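Since the structure comes first, as structure tokens, the remarks are kept for the end.
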Amino acid sequence: MNYFDKLKAKFEQLSTSQHSGGQTDRGNTGGGQPTFAPNQAPYPPQSVGPGGFFVPPQSQGYGGQGYPNQGAYPPSQAPYPQEQQYGGPSAPPKPARADAETARQGPPSNPAQTSKPQGHQLDGIPLALDQHDIFPTKADGSRTHVGGAPKGSMQFLNIEQNELLHQRFVIVYGQVHGVHGANDRIIVRHAYFPPLTFPAVDGYFKVMAELENGSNELRFEYLQNDACVGTGTLTLRMAPDLEKPPLLLAVILGKDSEGTFDAPPQSRGPGRNDLDAAVRKFRCTAYMWQAFMAEQLHRQGFGRRTFRLEENYESDTMARDGERRMTARVHVVRSKRTVAEIRDKERAQQWKAPDGYKRHTDESQFGLANEALNDYGVFQGKHFIVCLTADAQWDAGLGVILGHAALGGGIGDRRLGVFGSHTTHAWPAHAEEIAEKFLDTTKTDTRYVANDANECGEHWRAANIGMGAFLHECGHLLTLAHTPSGIMSRGFNDYNRTFMARSPNINGAVRQRDEAGAHWHRTDIVRLRHHFLLRQPTDAPLRENERDEAGFELLPIDNGVLVRSTNGITMVEAWVGGRYRNHMEFTKENLPRRMDGSLPAYDAAEAQTEFPTQVLITEHRLRQLAGDWPTGTGVTLVLTSRAMSTGTFDDVLALSRNARRDNDGIRVFSAAMLGRGEMKGSVKGEA
């Protein structure tokens, strides 16, 4: 049994959901044009939230008063220095990712109707995932309590005491020994942030807790009815990393827009579906993305890597109290276009022109957002920005969301993702509202709001699709392509499960193994691990050869190919017939195992180099990697470099297969034909 066979069983523990999402064009688009991606309660709350777990702040001993020292911010935790509001690294990644195939295929069947996720396999091909660093059960309560801990003792499963983090919000999983109950609650208290309440089931809990700059003591109380049956304290340190460029946030709206977004009648009005609400909901969504990203990379052995957000010291809408804290900045950008122009059906991604229809414009929402950002003039140099189009509107007559497109890619120095506001009504506006929104089973009324992709039939599902599909576009922004599972497939249907121990469509506790599609595929993880937006302060500076994209070379050899990049190679993927089969990865984390031989390497260069500049792939090795493939179908290699460039090479064995002897008996290799040869008088030639 080879190495990949041994890992198959481990992979299947993680890939527990069944998805239908098409594969994307994996080519390096290199620059100019964007690539297009997939199709697509009162405030403040006046009543107990869904599930009966919500406890108003005053009932939790918190009345919105100032900090204990009566100051505007925590003692010894004054706001960290103001930063430049824009800017970026020296060279953005160029490959942009397309979601056109997913849009063509339409929405898949929804696997989230059953209480147990379905298994996921890829045509029986074992996946070469380096899972020595993955802990599929670490956050599932698999640890035993030392010495038979007494009933009520609390254990934190995915985090350690005094851990140092570089993000404002963190996801914490834990359990209380010997407790059983389907409708329990967990409250996390912080001296400088209102208490947060999340559902808990059978002693198992998940929370998203807030951290301030410095040391943070988090106190947890596990409640059954109103009785506390378990407590725990977790101390974490947080230090914001201001050295790397931020992920920027912007709301785009028409020059004559009132700033309102679609909402059912009971959720309309000031502070509910106006521009202020859109900003608050987008801010909360971005902090949830940040926490999700860190948790996913931590699980797979790469530390709590995540992007940072541009932050200001101002009234903080992440809590209902409105206290001043460092909080994410959301730019409000007025387009020179009118609302009518933004909502033109020809600019709606979901609208398909009937036969014989003469279009008046080929503009997209991506282009309109890019135009508005250019006119705004604030963002200079290389930068990364996600935009919420506030003027998206559901047209029940057309059955189309106008003003909406789910797009992600790059154009010039800008990496950009855009998404419409049609599900924003279902998003949380602050951290206290996260659990409430994820348990809201209110039926979607398509007289007022869209049931996007026919997968948003309840408000909690709309929250998943909206926030999760928007995160999918952030993935494209960060150079990710479509993958067989996870967020870059349609795994965002399960997005709530990473944050919640209870889900409306799950019986019992939602453990890590039940999170189904709410993950990044391992190939996404490897790309994200090396992305400079996710660097950590302890990372070594990039070497000179790793800074600027150098591209790839593919050289034929007898019975194989040699792939080279002076940047250093971080991953080699094998695709057959447009479907991912397998990959090899080269990381700092797996270098010790390559050096001691526990992780097979072809030669000394692979075994002893963090990021080898060349990788030899023989036909035998390719078959180990990709399995067998049909006659007439070649293997496509997708290469990723340390500088985040991507190269795609089709039918790689054709290079050596087409070798011949020249007149001097020297072996000559033929590569692909150049050009289409369609001009009159053109002559077929090879290179």
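Just so it is clear, none of the values below were taken in a lab; they were calculated from the coordinates. What you are looking at is a predicted structure, and each value in this text was computed from that prediction instead of being measured. Cβ atoms come from the backbone with ideal geometry, glycine included; neighbour counts cover every protein chain shown.
Any chance you could check the Cα centroid distance between segment 155-198 and segment 479-494 for me, in angstrom?
What the calculation gives is 27 Å, centre to centre.
Give me the compactness ratio for segment 544-668, meaning the Cα radius of gyration over 2.2 N^0.38 Å.
Relative to the rule-of-thumb radius for its length, segment 544-668 sits at 1.10.
Please list, ordered by chain and number, the residues whose modelled amide H lies under 5 Å from the amide H of G420; skip anything fewer than 5 residues away on the same chain.
Long-range HN contacts for G420: T389, A405.
Whose amide H sits under 5 Å from the amide H of R320, counting only residues 5 or more places off or on another chain, with H placed in the peptide plane?
Amide H neighbours of R320, under 5 Å, 5+ apart: E432.
Find the Cα radius of gyration of segment 529-602, compare it with 2.2 N^0.38 Å by division, and give the number to two decimals.
Compared with the compact-globule rule of thumb, segment 529-602 sits at 1.31.
Would you mind putting 332-341, 184-193 in packing order, based on average other-beta-carbon counts within 10 Å, highest first?
184-193, 332-341
Tabulate in residue order the Karplus-calculated ³J(HN,Hα) for segment 316-326, using 6.51 cos²θ - 1.76 cosθ + 1.60 with θ = phi - 60°, rounded to whole Hz; enter x for Gly and Pro.
Result, ordered by residue: 9, 8, 6, 10, 5, 6, x, 4, 7, 8, 6 Hz.
Rg/Rh for segment 154-238: what does it come to with C-alpha atoms and Rh from Kirkwood?
0.96
Per residue of segment 271-277, in order, report the coupling 6.51 cos²θ - 1.76 cosθ + 1.60 (Karplus, θ = phi - 60°) as ³J(HN,Hα) in whole Hz, putting x for Gly and Pro.
Working through the residues one at a time gives x, 10, 9, 9, 4, 4, 5 Hz.
Aspartates and glutamates within cross-link reach of K443: Cα-Cα under 12 Å, excluding same-chain residues under 8 positions apart?
Candidates past the 8-residue exclusion: E455, E458.
Excluding residues on the same chain fewer than 8 positions from K358, give the aspartates and glutamates whose Cα lies under 20 Å from its Cα.
By straight Cα distance, K358 reaches E341, D344, E346.
Non-local amide H neighbours of A200 (under 5 Å, H modeled in plane, Pro and chain starts lacking H): which ones?
D184, R185, I186
Neighbouring Cβ atoms within 10 Å as the yardstick, rank D558, D316 fewest first.
D558, D316
Tell me the relative contact order for segment 544-668 as a rounded percent, counting alpha carbon contacts under 8 Å between residues six or more apart.
Relative contact order comes out at 31 percent.
Find the eigenvalues of the gyration tensor of the Cα atoms of segment 476-561, then list the square roots of 5 times those eigenvalues as equivalent ellipsoid semi-axes, largest first, in whole angstrom.
35, 19, 11
Give the distance, in whole Å, between the Cα centre of segment 358-375 and the Cα centre of segment 609-641.
40 Å
Please list, in order, the residues from segment 160-183 whose amide nitrogen is less than 13 Å from a point placed 7 Å along the Cα→Cβ vector of T235.
Once the point is set 7 Å along Cα→Cβ of T235, 161-164 turn out to lie under 13 Å by backbone N, inside segment 160-183.
For segment 450-489, what does the relative contact order come out to in percent, with C-alpha contacts under 8 Å and a separation of six or more?
25 percent
Across segment 280-286, in residue order, what do the Karplus-derived ³J(HN,Hα) couplings come to in whole Hz, using 6.51 cos²θ - 1.76 cosθ + 1.60 with θ = phi - 60° and x for Gly and Pro?
Couplings: 4, 5, 5, 4, 4, 4, 5 Hz.
Extension gain E314-R657, at 0.36 nm per residue separation less the Cα-Cα distance, in nm?
Extending this stretch completely gives an extra 117.1 nm.
Return a whole-number percent for the relative contact order of segment 154-238, with Cα pairs under 8 Å and 6 or more residues apart as the contact set.
After rounding, I find 33 percent.
For K151 and R447, what is the calculated FRET efficiency with R₀ set at 51 Å and r taken between the beta-carbons, to the nearest 0.05?
The value I calculate is 0.50.
Evaluate E = 1/(1 + (r/R0)^6) for E610 and R334, where r is the Cβ-Cβ distance and R0 equals 30 Å; express this FRET efficiency to the nearest 0.05.
0.05
Looking at this model, which pairs from K255/K345; K255/K437; K244/K281; K206/K281; K151/K206 are more than 23 angstrom apart at the alpha-carbon?
K255/K437; K244/K281
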